[in-house]
1. Please compute the per residue accessible area over segment 26-104 with all protein chains in place, 1.4 Å probe, rounded to a whole number of Å².
2. How big, on average over all directions, is the shadow cast by the Cα convex hull of segment 94-172, in nm²?
3. How large are Rg and Dmax for segment 1-44 when calculated on the C-alpha trace, in angstrom?
4. Label K169 and I144 with points 7 Å out from Cα along Cα→Cβ: what is the distance between them in nm?
5. In the full protein assembly as shown, how much of L40 is accessible to a 1.4 Å probe, in Å² to the nearest 10?
6. Segment 1-77: Rg/Rh from Cα coordinates, Kirkwood Rh?
7. Any idea of F81's accessible area? Nearest 10 Å², probe 1.4 Å.
8. Specify whether the C-alpha gyration tensor of segment 69-130 places it in the rounded, prolate or oblate class, a ≥ b ≥ c being the square roots of the eigenvalues: rounded for a/c under 1.5, otherwise prolate if a/b is larger than b/c and oblate if not.
Amino acid sequence: MKFVGLETMIAAFVDLYPVWFKKPWRKELVLAGLCCIQFLIGISMITNGGVYVFHIFDNYAATGWCLLFLGMMECIAVSWFFGIERFWKHVCEMIGFEPTIPWFKWSWAVITPLSTSVLMVISLVFYKRLKYHTYVYPDWALVICWLMTLSSISWVPGYALYFFFYETKGDLKQRWQQCITPKGETTLKTSKGLTDEAGDFLEMEPFYNEGSESARKMEDSTPGVEQALVDQQPPKYEDIGHSV
């Protein structure tokens, strides 16, 4: 389980900085640093008071409310901004068929965002002060708890505000349109000042397209390839019998 968590974390870093990680030993050094940090945090949980530290991490660090919030935001971003129909089309292309009943499509678009939001509201309404048996955590410990929670979820609205104000141009409507448009899509300004989508950025030209130059070259070379394969085939049993 720990191996899977580390590989997931390092994969995110590699995707963000692929050139930097191409040099030898850099990935291994980052993994070693992550292991040392986690080791030091784990040491604090095996001391005499370590169970109180563990209880804080167990209730506020990447669990419960933060996971519900992040899951809801992911489903909303994919289903309602990127487009559930577009995403479902690419999923069907990857698996090779379209399921008869699109359960996952409905779940990503409606069921999961609705259920996570309801659970999130319920958990806040029935929130109780953190305690372990009879020990009630002081105020400064609760501040640390909520800072740990915000360290996970604050990146979503924080980066959204940063992208809206610093990475987009135009009026509020145009900025919003740029925010909800996939990054790979190119937009062309029309004479009315609006933007038109220049095509689906995930749509790729087929490798073998009839009428293309590469297709004609493949067709021209096919007879020679087929003849070479026939020449390389072993003789049939009947031919061997006649020769004997």
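The values are calculated or read from the model by the stated rules, or taken from the named source; none is laboratory data. None of these values were measured; they are calculated from a predicted model. Note that we place each Cβ from the backbone using ideal geometry, even for glycine, and neighbour counts take in every protein chain shown. Surface areas here come from the heavy atoms of the whole protein model, side chains and all, with no ligands, DNA or RNA. Shrake-Rupley method; radii C 1.70, N 1.55, O 1.52, S 1.80 Å.
1. Computed with neighbouring chains in place, this is 66 Å² per residue.
2. Numbers: hull surface 42.8 nm².
Taking a quarter of the hull surface, the average projection is 10.7 nm².
3. Rg then Dmax for segment 1-44, in Å: 11.3, 36.
4. 4.8
5. Rounded to the nearest 10, that gives 120 Å².
6. Numbers: Rg = 15.9 Å, Rh = 14.9 Å.
Checking Rg against Rh, the ratio lands at 1.07.
7. 100
8. Working: a/c = 3.62, a/b = 2.73, b/c = 1.33.
In terms of gyration-tensor shape, prolate.
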